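Worksheet for the structure shown next.
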Amino acid sequence: QVQLVESGGGLVQTGGSLRLSCAASGRTFSNNAMGWFRQAPGKEREFVATISGSGDRTDYRDSVKDRFTISRDRAKNTVFLQMNSLNPDDTAVYYCAAAFLSAISTRARSYTNWGQGTQVSVSS
């Protein structure tokens, strides 16, 4: 059974940092693009960051550029999201997802496997 399991969420103060991890099991995603999305209460799920299968290309939503960094360890089938300078607008459930192809994508429809999510809360 294919699983993506996120971890690393929690409660931090404004300006703090968190590092999210997403561990895949059941099959290897080393050649698939991976992404992070988030959903705040009452809002639609939105793209946060994506990384290509090879790890050489990344893309971010504008509001997290220069604060968040996506990376991957292909050998360990794991993707990370380093989040710095967090603010209350970053509060959401964060989801890890694996794409069908190796190219980066900001569209949720490109992703075929999803984790259950991890809560990130930022207090003011």
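Charge tally for residue 23 (other residues, Cβ to Cβ under 15 Å; Lys, Arg +1; Asp, Glu -1): +3.
What accessible area per residue comes out for the chain, rounded to a whole number of Å², with a 1.4 Å probe?
52 Å²
Placing unit charges on the Cβ atoms of the charged side chains and taking the dipole of the chain about its Cα centre, the candidate lying farthest along the positive direction among 82, 50, 94 is 50.
Relative contact order of the chain: 36 percent, from C-alpha pairs under 8 Å at least 6 residues apart in sequence.
Among residues other than residue 79 with Cβ under 15 Å from its Cβ, the summed charge is +3 (Lys and Arg +1, Asp and Glu -1).
Legend: translational diffusion of the stretch 66-124 by Stokes-Einstein, Rh = Kirkwood radius over C-alpha pairs, 37 °C, 0.692 mPa s; D = 250 µm²/s. By accessible area, using a 1.4 Å probe on protein heavy atoms only, the stretch 10-124 has 45% of its surface on carbon and sulfur.
The values are calculated or read from the model by the stated rules, or taken from the named source; none is laboratory data. Please read all numbers here as calculations on a predicted model, not as lab measurements. Ideal geometry is used to build each Cβ from the backbone, glycine not excepted, and the neighbour counts take in all protein chains shown. These accessible areas exclude ligands, DNA and RNA; they are computed on the full protein's heavy atoms, side chains included. Shrake-Rupley method; radii C 1.70, N 1.55, O 1.52, S 1.80 Å.
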